[in-house]
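The structure appears right after this line, and notes come after that.
The values are calculated or read from the model by the stated rules, or taken from the named source; none is laboratory data. Computed from a prediction, not measured in an experiment: that's the story for all the values here. Cβ: placed from backbone, ideal geometry, glycine included. Neighbour counts: every protein chain shown.
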Amino acid sequence: MTVVNGTSEMMKPESVSLHPLGAAAAPVPEMLCIFGTGDLGHSLGLRLLQSGYRVVYGSRRPHSCGLLPQGSQVMSHEAAAQSASLIFICVHREHYGFLETMAPHLAGKVLVDLSNNLKKGIYPEPNAAYLQRLVPGAAVVKGLNTLSAWALQNGLLAGKQVYLCGNSAEAKRAVAEMSTKLGLTVLDKGSLSAAGELEDFPLQLFPEWRLPLRVAVGLTAFFFFYLVIRDVIYGYVEQDKDISYRIMVSLANKVFPIVSLIMLALCYLPGGIAAFLQLYRGTKYRRFPDWLDRWMLCRKQMGLIALGLAFLHVIYTFMTPTRYSVRHKLITLVVDEMKNNKSIPFDFDNTEAWGQDSFYALGILGFFLYVLLGLTSLPSVGGSLSWREFNFIQSKLGHLTLFICTAHGYIYGWNKFLRPSTYKWYTPPVYMLCLIVPSVVLVLKALVLLPCVDRTLTRIRQGWERNQTTEEIGKVTNL
C-alpha cells in the first residue's frame, strides 16, 4: 500500500516490476527557509537548491517578489516559518522588528543570522544578540556572514572557512552539517558572545596588508622626495635647469625598482634575524618577539607588493623610448652628427657594452624569477606543490632572485661610486641606499650557509637545545 496526497491505495501489479528489488523511495530533501529576497537571499537559495535542499522564501509581499531561483517557493513569513526548522535571516538589522511579532511562530526554530553592519560600533550590541533578545524561544546561530552573494552564486565555496557561534550545540551542529554539504569548512567560535567578533570580520580592510602597505608607502614617499631634492631642486638651484618634467616618468621609474628591491629584501630579512636569534638562544622553543612574528606573517604580502612595483618598473622602462624628451635628444644627436660629419666612436674595449648588456640581462632574468615566485604564492599553484618544492622555490629561488636583482643594481652604478659628481650636495645616490638592505640580507644568508652555522641551526630546528643533558640529546637523535 502506498500513500499519495494523503490517501491510500493498493499497489498495482505492474508497478512491482518497476522496482524488482523492492527499493525504498528516495527520501524527500530537507526544506530550508530564507527570510529575505535580496541578492544574498537569492544567491544563498540558489546554492542550497544546487546542493539538494528544498528552499522556501518568507516575504512580506509573496505575490510581488522579483525573480527567485527556479524550484524555490515563496510564502508569507508565518507560512514559510512553519514549513522549515532552519531559517536563514538575510535582512538588515533595522528590519528585525517583524521578527519580534513572529516570536510564537519561531519558537524552537534555528535562526541563522547572516547580517553585517556598515561599520564597527554602530550598535551597542551584536546583531545576533539583538535577534536572540527579540526571539528568546529560538536558537540563534551567527554564521555564514563572511560569504558574499557573488561567491555563493558562482559556487566559489570549496574549502572556504566560515565561522559559527551560538548558545545551542544542537543548533550549531545542524548549521555545520548544512555548511559542510555546501563545501564549506566550519570553525566553531563558541557561544553567542563571540558574535561581535564574527560581525567585525567582514568589516576588516586588508588586515594582513596594512603593515606591508605602510612600509611600501613610506619607502616610496621617502625616495621620491629624496630624488626630487637631488635631481629637480639641485638642477634648478645649481645648474639653473628646469627638469621638473622628469617627476612623472624618470623619477617614478627610479623609485619603483628601488622600493621593489628593498621590499623583496624585507621578505627574507626576518628569516635571517630569526635564525641568528635561535642560534643565540640555543633553542627553538622560545617565542620570537611580537614585532618579528608580525613581520614574518606578512612576508607574502610584501613579496606581492614588490612584484607589483617590479611590473611598474618594466612598463615604465618599455615606454621610455616614446617620451618626447628622449626622442628629442636622439634626434638632436643625429642632426649634430650629420652637421659635423662626425660620429661617436664605439667603445672597442667593450666595457660599456658589456656593462649595459649585463645590466639588462640580469634585470630580465630577475624579473622572470620574480614572476615565478609570485605565481607560486597563488593557492591554486602552491597547493599543487609538495612542501619541499614550495620551500625550494620560496627560499632557495627567492634568495637567488634577490641576489640577481641586487647584482642588477650594483652593475647600474659600477663606474659611478667614486665620481664626485655622483654625490650631489654630499648626498649618496638612491641606488646606493637601496643596496644596503639587500646586501645585509645576502651576507646573513651566506653566514647561515656556512657548514658550522648550518649544522648547529639544523640541530636546533630538529629539537636540540644547548643546555640539554646527554640523555635528552640521545632521545632527540633517535627521533
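The rows are residues; the columns are (1) acidic (Asp, Glu); (2) assigned to a loop (DSSP other than H, G, I, E, B).
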site	(1), (2)
ALA80	no, no
ALA84	no, yes
ILE87	no, no
GLU94	yes, no
GLU100	yes, no
PRO104	no, no
LYS119	no, yes
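Conditions tested, residue by residue: (1) assigned by TED's automatic domain parsing to the domain that holds ALA407; (2) more than 30 Å from LEU378 (Cβ to Cβ); (3) surrounded by fewer than 12 Cβ atoms within 10 Å (Cβ to Cβ); (4) not hydrophobic (A, V, I, L, M, F, W, C).
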{"position": "GLY271", "(1), (2), (3), (4)": "yes, no, no, yes"}
{"position": "LEU277", "(1), (2), (3), (4)": "yes, yes, no, no"}
{"position": "TRP291", "(1), (2), (3), (4)": "yes, no, yes, no"}
{"position": "ARG294", "(1), (2), (3), (4)": "yes, no, no, yes"}
{"position": "SER325", "(1), (2), (3), (4)": "yes, yes, no, yes"}
{"position": "HIS328", "(1), (2), (3), (4)": "yes, yes, yes, yes"}
{"position": "ILE331", "(1), (2), (3), (4)": "yes, yes, yes, no"}
{"position": "MET338", "(1), (2), (3), (4)": "yes, yes, yes, no"}
{"position": "GLU352", "(1), (2), (3), (4)": "yes, yes, yes, yes"}
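Take the conditions among the aromatic types (Phe, Trp, Tyr), closer than 19 Å to SER439 by Cβ and out of contact with any helix residue (DSSP H, G or I) (no Cβ under 8 Å at 6 or more places or on another chain) and apply them to PHE222. Does it pass? Judged against the criteria, PHE222 is a match. Among residues of the stretch 121-168 being in a helix (DSSP H, G or I) and within 16 Å of THR185 (Cβ to Cβ), the one that is nearest to the chain's Cα centre (by Cα) is ALA151.
Listed here are the residues, each with its yes/no results for (1) over 27 Å from VAL453 (Cα atoms); (2) at pLDDT below 95; (3) not β-branched (Val, Ile, Thr).
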| position | (1), (2), (3) |
| --- | --- |
| ILE247 | yes, yes, no |
| ASN253 | yes, yes, yes |
| GLY271 | no, yes, yes |
| ALA275 | no, yes, yes |
| TRP291 | no, yes, yes |
| LEU297 | no, yes, yes |
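I'd like to know if the stretch 256-265 contains one or more residues that are assigned by TED's automatic domain parsing to the domain that holds LEU297, surrounded by 15 or more Cβ atoms within 10 Å (Cβ to Cβ), farther than 30 Å from SER115 by Cα and free of Cβ contacts under 8 Å to residues at least 12 places away in the same chain. So far as the stretch 256-265 goes, no, none of its residues is assigned by TED's automatic domain parsing to the domain that holds LEU297, surrounded by 15 or more Cβ atoms within 10 Å (Cβ to Cβ), farther than 30 Å from SER115 by Cα and free of Cβ contacts under 8 Å to residues at least 12 places away in the same chain. For ASN154, the conditions (1) farther than 30 Å from CYS267 by Cβ; (2) free of Cβ contacts under 8 Å to residues at least 60 places away in the same chain; (3) in contact with a strand residue (DSSP E or B) (Cβ under 6 Å, 6 or more places away or on another chain) are fulfilled apart from (3). For the stretch 164-196, a residue qualifies if it is in contact (Cβ under 8 Å) with a residue 24 or more places away in the chain and either outside the structural domain of ASN127 (by TED's automatic domain parsing) or charged (D, E, K, R) (or both), and the qualifying residues are GLU170, LYS172, LYS181, ASP188, LYS189.
Considering only residues of the stretch 27-83 that are of a type in the set (Lys, Arg) and surrounded by fewer than 16 Cβ atoms within 10 Å (Cβ to Cβ), which is nearest to TYR96 (Cα to Cα)? So, considering only residues that are of a type in the set (Lys, Arg) and surrounded by fewer than 16 Cβ atoms within 10 Å (Cβ to Cβ), the one nearest to TYR96 (Cα to Cα) is ARG60.
Of all the numbered requirements in (1) among the small types (Gly, Ala, Ser); (2) assigned by TED's automatic domain parsing to the domain that holds HIS408; (3) touching a residue at least 12 places away in the same chain (Cβ under 8 Å), GLY235 misses one, and that requirement is (3). Residues in the stretch 214-248 that are among the small types (Gly, Ala, Ser) and either farther than 26 Å from ARG299 by Cα or over 27 Å from the mean Cα position of the chain (by Cα) (or both): GLY235, SER244. Among the residues here, LEU114 does not qualify as out of contact with any Cys (no Cβ under 9 Å at 6 or more places or on another chain) and crowded, with 20+ Cβ neighbours inside 10 Å. Once the stretch 50-89 is narrowed to residues that are at pLDDT 95 or above and within 31 Å of the chain's Cα centre (by Cα), the residue that is farthest from LEU131 (Cα to Cα) is PHE88. Scanning the stretch 201-221 for residues that are surrounded by fewer than 15 Cβ atoms within 10 Å (Cβ to Cβ) and either within 21 Å of LYS424 (Cβ to Cβ) or of a type in the set (D, E, K, R) (or both) yields GLU208, ARG210, ARG214, ALA221.
Considering ILE460, ILE393, ILE411, ILE364, the condition of being over 28 Å from LYS254 (Cβ atoms), more than 22 Å from the chain's Cα centre (by Cα) and β-branched (Val, Ile, Thr) is satisfied by ILE460 alone.
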